[in-house]
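Where a number appears in this text, it was derived from the coordinates with a stated rule and is not lab data. What you are looking at is a predicted structure, and each value in this text was computed from that prediction instead of being measured. Every residue, glycine among them, receives a Cβ derived from its backbone with ideal geometry; neighbour counts consider all protein chains shown.
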Amino acid sequence: MEHTMQVRTTTRRATIGRMAVAAVAVAVGGLSATAFATSAGASSKVVVSTTKNAKLGKILVSGKTLYTLKASKTPCTAACMKIWPVLALPKGVKKATAGSGVSASKLGTKTISGGVRQVTYGGKPLYWFSGDSGPGQANGNVTDEWGKWSSVVTAKSGSGSTSTATTSGSGGTAF
């Protein structure tokens, strides 16, 4: 009987130990997945495509609307990155994939701190805005302490062609 009790206690401790390890793994995995989702859309590749916005026209998206920054004198550091996460490639991925409506030749990368590869379009680094809940929503056309943020417009509303000038009054940067 004593042997049986000892086995049950040992088994129970082992089970509790495995559950604790599993909980830690899930928590750490959740953190990694959250960080990964923030920087790369939780996938092994990053696809940049276009979607239609009623006010702006066709805009770049990768899960959410993408923005560029015309920087002010205040650099975009940690506080900024919470509001404006960079569109970054997952480790080991060399380039973003051009989806529907996107010119692959305009996609590139820029290495930033920590060896992170930030996706660029037309040479400009791309960001998401934390205030957008999905693709096509463009709440981030604002000027703040870090500079002027503009959604990337590939074709203006009512236009079938791609533009290369900055749009006036609509808040987007056209390519």
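Assorted remarks:
- For the residue pairs K70/K106; K52/K110; K95/K148; K73/K95; K58/K124, alpha carbon separations beyond 22 Å are given by K52/K110; K95/K148; K73/K95.
- Gyration tensor verdict on the range 42-143 (Cα atoms; rounded if a/c is under 1.5, prolate if a/b is larger than b/c, oblate otherwise): oblate
- For the pair A98 and A71, a Förster radius of 30 Å applied to the C-beta separation gives a FRET efficiency near 0.70, rounded to the nearest 0.05.
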